[in-house]
Amino acid sequence: MVELEGYTVVPLRTSPDAKHCHSVYMREHFIRLMDPNKPKGRTLFLLNVPPYVTEESLRTVLSQVGTIEVVEFAVKPGKDETIKWYEGTSEPISARRPPFCFKVAYVVFQKSSSIAKALSLKSIDLFNSSGECIIKTGMELWHEEYENNYLLDPQKTKKLIRKYMSGYDKRERAAAEAAKTSEADADGWVTVGKEGRNAGFEQKESVVGRLENRMAKDKKTKELTNFYTFQIRESKMQNIVEMRKKFEEDKRKIELLKQSRRFKPF
């Protein structure tokens with residue numbers, strides 16, 4: 001078993017005959033800056049807590065060493081990490097479902113003597129006296145999560161829909177007010193109206209004409225030349241006509257030069 005200085009390392013067993021277990025690291029929680037939610041001398045700190053461990057299961061196991069006031073999880077150690085973990089959740093701590101990931105845990109006991117008893121545990125056993133696991137893992141856990149994705153209670157579904165629509169209507173009203181004052185909405189967009197100095201340009205005939213000419217020019221430059229057979233044939237014919245014209249012009253220039261020569265040796 002891996003050891004970590006300053007921590008008590010205990011295996012976390014899901015059955016009495018489990019041989020390969022996760023290791024949980026425990027110590028008394030203490031920091032320089034006092035946290036009223038994690039009182040000194042009564043708070044147990046746990047590292048490497050597996051995803052399937054819930055607040056209820058951890059409370060059930062550690063309640064054997066003393067009465068527990070609260071169990072909180074966090075992604076990493078820190079004074080404000082537990083606040084981030086439950087941010088935006090209005091449910092009580094006992095009813096919250098933490099994200100499925102490895103985490104740290106803070107267990108606050110009523111008495112300071114419970115800390116020493118917890119650190120003396122040889123293992124954290126997530127099973128009852130009959131050997132049955134008190135947590136759900138594997139297919140059983142996945143099946144439960146799948147079932148929880150469907151709202152079967154009509155009243156609860158209606159309540160969630162009303163709550164969502166209330167928030168939507170509130171955001172829409174805020175966006176409409178922001179459009180009048182040219183202020184950014186909740187998503188950072190600014191709606192430009194027809195009034196005010198921020199209004200778009202007026203589409204006059206001269207402006208529209210320049211835009212149309214530019215679009216026609218861009219379209220012409222994007223056309224493929226000498227791509228189709230008829231284009232190649234017409235291009236060759238045009239080159240022959242131009243070469244004949246140039247040949248006739250050169251002949252006339254030569255005749256004019258001959259006639260303008262003053263020196264005639266013969």
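Things worth noting here:
- Accessible surface, 1.4 Å probe, highest first, among residues Phe127, Phe109, Phe247, Phe230: Phe247, Phe230, Phe127, Phe109
- Site pair Glu255 and Phe227 shows an inter-label distance of 4.5 nm when each label is modelled 7 Å from Cα along Cα→Cβ.
- Area accessible to solvent at Thr54, 1.4 Å probe radius, in Å²: 60
- Computed over protein heavy atoms with a 1.4 angstrom probe, the accessible surface ordering of Tyr168, Tyr106, Tyr146, Tyr52, largest first, is Tyr146, Tyr168, Tyr52, Tyr106.
- Kirkwood-based Rg to Rh ratio, the stretch 36-83, C-alpha trace: 0.93
- Ranking Arg42, Arg59 from most to least accessible surface, computed with a 1.4 Å probe over the protein chains only, gives Arg59, Arg42.
- Shown is the FRET efficiency for Arg162 and Asn37, computed with R0 = 51 Å from the Cβ-Cβ distance and rounded to the nearest 0.05: 0.95.
- Rolling a 1.4 Å probe over the protein chains gives Thr67 an accessible area of about 80 Å².
- Set of lysines with alpha-carbon distance to Lys219 below 26 Å, sequence-local pairs under 8 removed: Lys204, Lys236
- Partners for Lys156 among lysines (Cα-Cα distance below 23 Å; same-chain residues under 8 apart left out): Lys170
- The spacing between the stretch 1-73 and the stretch 118-160, judged by their C-alpha centroids, is 19 Å.
The values are calculated or read from the model by the stated rules, or taken from the named source; none is laboratory data. Note that this is a predicted model, so its numbers are computed, not measured. Positions of Cβ are backbone-derived with ideal geometry, glycine not excepted, and every protein chain shown enters the neighbour counts. Quick note on the areas: whole protein, heavy atoms, side chains included, nothing else; ligands and nucleic acids left out. Shrake-Rupley method; radii C 1.70, N 1.55, O 1.52, S 1.80 Å.
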